[in-house]
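Scroll down for the structure; my scribbles are underneath it.
The values are calculated or read from the model by the stated rules, or taken from the named source; none is laboratory data. Computed from a prediction, not measured in an experiment: that's the story for all the values here. Counting neighbours? That spans all protein chains shown, and the Cβs are built from the backbone with ideal geometry, glycine included.
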Amino acid sequence: MRFKTRDLVTAAVLVAIGIVLPLVFHLSGINGAVFLPMHIPVLISGLLLGSSFGLIVGILSPLLNHMISGMPAIPILWVMLVELAVYGIVSGLLYRRVKMTLLPSLICSMLIGRIVAALMVVILGSFFSLPFPPIGIYIRGITITALPGIIIQLILIPSIIKAYERSQ
């Protein structure tokens with residue numbers, strides 16, 4: 001598969017944003033679990049560049065963040081790797097392949113990613129006896145606690161995608 005240089009550069013910029021944005025949040029003392037700064041560039045990459053780049057940005061962002069800052073901490077890193085990879089793949093598939101409209105693609109991607117993340121918590125907790133919170137507390141965290149980040153994503157991401165598409 002051949003990629004356009006513009007798409008490679010855009011993906012690299014989104015990975016960089018996926019590293020810098022969470023660092024800014026952590027350094028300023030803002031809880032990343034509330035505002036979800038790493039999710040934004042991953043969802044944008046899937047919507048703009050398709051599922052392949054969405055997957056790559058979804059994997060590289062948490063891995064590089066962990067290597068640079070230690071965040072997300074293990075075992076949350078493993079959950080976020082899967083969750084963000086799913087965001088990237090599903091957003092790209094729905095918007096670029098299935099041709100679903102923007103907002104439904106974004107919402108479906110966010111829901112599917114959260115469901116897969118919750119399943120990952122159950123799997124890791126069950127099979128490896130990792131110290132995860134009970135699933136009810138985790139689900140509350142990825143919905144109620146993350147509500148400000150979800151709202152930001154629903155407002156910011158469509159605006160960015162539409163602006164980018166108009167500029168092309």
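From the list SER28, SER51, which one is on the phi < 0 side of the Ramachandran plot and either among the aliphatic types (A, V, I, L, M) or in contact with a Leu (Cβ under 6 Å, 6 or more places away or on another chain) (or both)? Spell out how you get there, then give the answer.
Working: SER28 fails: either among the aliphatic types (A, V, I, L, M) or in contact with a Leu (Cβ under 6 Å, 6 or more places away or on another chain) (or both).
Sole residue among the options that is on the phi < 0 side of the Ramachandran plot and either among the aliphatic types (A, V, I, L, M) or in contact with a Leu (Cβ under 6 Å, 6 or more places away or on another chain) (or both): SER51.
Can you name every residue in the stretch 6-34 that is closer than 15 Å to PRO62 by Cα, among the hydrophobic types (A, V, I, L, M, F, W, C) and in contact (Cβ under 8 Å) with a residue 40 or more places away in the chain?
If the condition is that a residue be closer than 15 Å to PRO62 by Cα, among the hydrophobic types (A, V, I, L, M, F, W, C) and in contact (Cβ under 8 Å) with a residue 40 or more places away in the chain, then ALA11, LEU14, VAL15, ILE19, LEU23, ALA33 are the ones that fit.
Being crowded, with 17+ Cβ neighbours inside 10 Å and part of a loop (DSSP other than H, G, I, E, B), is that true of even one residue in the stretch 101-110? So that I can check it myself, show each step before the final result.
Step one: filter the stretch 101-110 for residues crowded, with 17+ Cβ neighbours inside 10 Å, giving 105-106, 108-110.
Restricting the remaining residues to those that are part of a loop (DSSP other than H, G, I, E, B) gives none.
No, because not a single residue in the stretch 101-110 is crowded, with 17+ Cβ neighbours inside 10 Å and part of a loop (DSSP other than H, G, I, E, B).
Residue by residue through the stretch 123-168, note down the ones that are surrounded by 13 or more Cβ atoms within 10 Å (Cβ to Cβ), of a type in the set (A, V, I, L, M, F, W, C) and assigned to a helix (DSSP H, G or I).
ILE123, LEU124, ILE135, ILE139, ILE142, ILE150, ILE152, LEU154, LEU156, ILE157, ILE160, ILE161
Could you list, ordered by first residue, the pairs with Cβ atoms under 6 Å in which the first is in the stretch 115-130 and of a type in the set (Val, Ile, Thr) and the second is in a loop (DSSP other than H, G, I, E, B), at least 6 apart or interchain?
Between residues of the stretch 115-130 that are of a type in the set (Val, Ile, Thr) and residues that are in a loop (DSSP other than H, G, I, E, B), the close pairs are VAL121/PHE132.
So which residues in the stretch 19-36 are modelled with pLDDT of 90 or more, closer than 17 Å to ALA73 by Cβ and out of contact with any Gly (no Cβ under 8 Å at 6 or more places or on another chain), if there are any at all?
Of everything in the stretch 19-36, those that are modelled with pLDDT of 90 or more, closer than 17 Å to ALA73 by Cβ and out of contact with any Gly (no Cβ under 8 Å at 6 or more places or on another chain) turn out to be ILE19, LEU23.
Got a sec? Which helices (runs of 4 or more DSSP H) wholly within the stretch 1-92 have at least 3 residues that are surrounded by 19 or more Cβ atoms within 10 Å (Cβ to Cβ) and among the aliphatic types (A, V, I, L, M)? Break it down stepwise before answering.
Details: elements: 5-27, 32-35, 39-49, 51-69, 76-92.
Helices (runs of 4 or more DSSP H) meeting the threshold: 5-27, 39-49, 51-69, 76-92.
So which of LEU55, LEU48 is under 12 Å from LEU14 (Cβ atoms), in contact (Cβ under 8 Å) with a residue 12 or more places away in the chain and aliphatic (A, V, I, L, M)? Full working, then the answer.
On the way: LEU55 fails: under 12 Å from LEU14 (Cβ atoms).
Step by step, each of LEU55, LEU48 is checked, and only LEU48 is under 12 Å from LEU14 (Cβ atoms), in contact (Cβ under 8 Å) with a residue 12 or more places away in the chain and aliphatic (A, V, I, L, M).
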